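K.L.:
Let me give you the structure first, and then I'll get to my questions.
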């Protein structure tokens, strides 16, 4: 699986109209344009995107896989909640998966791991420089999943992806003023340096600290973390 950017992600496999609907809806949900609880009807969306209901259904199923919508039979589809309680648990799950994964990944890393991370880092800085927060978030997810790819635990990747998506949605929803996107991107530099050093303990600690200090959720979430 390629991880290089949102443009080259597995989304390319979806038909163009389904991908367009998925990307547009995901953007609006991540930015809060479509708030939690908003109803999404296939008929209305099909008219909006000038496509079939089947195409819309495919996009909604993909959004459901990422935890962004809830499909509830006769009650239809609604945008999912984005609560602090759920965010806390997803941050914890994410840290467990990633920190265990990097220990496995660095036991036998692929030859391209560091080069791939540096390429993603450069793209992240570019997205941050032009103020594209959603593209930065997408590249951020690719960066973390690229490390996890070398852990050879593919069944856990969808769980990690959902946690990453929810984490980014939560961060954006909590932002009350423009964030320093360049600083956000630059935080990944220390992870690359640790991975490149080949020191498993250093890399694990760098990743653990990175995740624990993403959002200030208080000392009860990651009591050993320091800013």
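Computed from the coordinates by the stated procedures, all read-outs in this text should not be read as laboratory data. Remember, predicted model here, so these are calculated numbers, not experimental data. Every residue, glycine as well, gets a Cβ built from its backbone with ideal geometry; the counts of neighbours run over all protein chains shown.
K.L.:
Pulled fully out, how much extra length does the chain show between residue 114 and residue 16, if you take 0.36 nm times their separation in residues and subtract their Cα-Cα distance?
P.N.:
Separation in residues times 0.36 nm, less the Cα-Cα distance, equals 32.1 nm.
K.L.:
Helix-derived [θ] at 222 nm for the chain: sum -39500 (n - 2.57) over DSSP H runs of at least 4, divide by residue count, nearest 500?
P.N.:
After summing the helix terms and dividing by residue count, I get -19500 deg cm²/dmol.
K.L.:
Rank these for me by crowding, 208, 94, going from fewest to most other beta carbons within 10 Å.
P.N.:
208, 94
K.L.:
I want to verify the translational diffusion coefficient of region 67-188 in µm²/s; compute it with Stokes-Einstein, Rh as the Kirkwood radius over Cα pairs, at 10 °C and 1.306 mPa s.
P.N.:
101 µm²/s
K.L.:
Please work out the FRET efficiency for the pair residue 27 and residue 205, using the Cβ-Cβ distance as r and a Förster radius of 41 Å; give the result to the nearest 0.05.
P.N.:
Computed FRET efficiency for residue 27 and residue 205 comes out at 0.75.
K.L.:
Now a separate question. Kindly put 82, 199 in sequence by how many other C-beta atoms sit within 10 Å of each C-beta, fewest to most.
P.N.:
Exposure proxy ranking, most exposed first: 199, 82.
K.L.:
Based on other C-beta atoms within 10 Å, arrange 51, 163 from fewest to most.
P.N.:
51, 163
K.L.:
If you average the C-alpha positions of region 115-168 and of region 63-83 separately, how far apart do those two centres end up, in angstrom?
P.N.:
So the separation of the two Cα centres works out to 23 Å.
K.L.:
Further question: Given that just one value was derived from the coordinates, which of (i) 31, 20, 17; (ii) 117, 23, 15; (iii) 32, 24, 15 is semi-axes √(5λ) of the Cα gyration tensor in Å?
P.N.:
Of the listed options (i) 31, 20, 17; (ii) 117, 23, 15; (iii) 32, 24, 15, (i) comes from this structure.
K.L.:
Residue separation times 0.36 nm, minus the C-alpha to C-alpha distance between residue 75 and residue 107: what's the value?
P.N.:
Length gained between residue 75 and residue 107: 6.7 nm.
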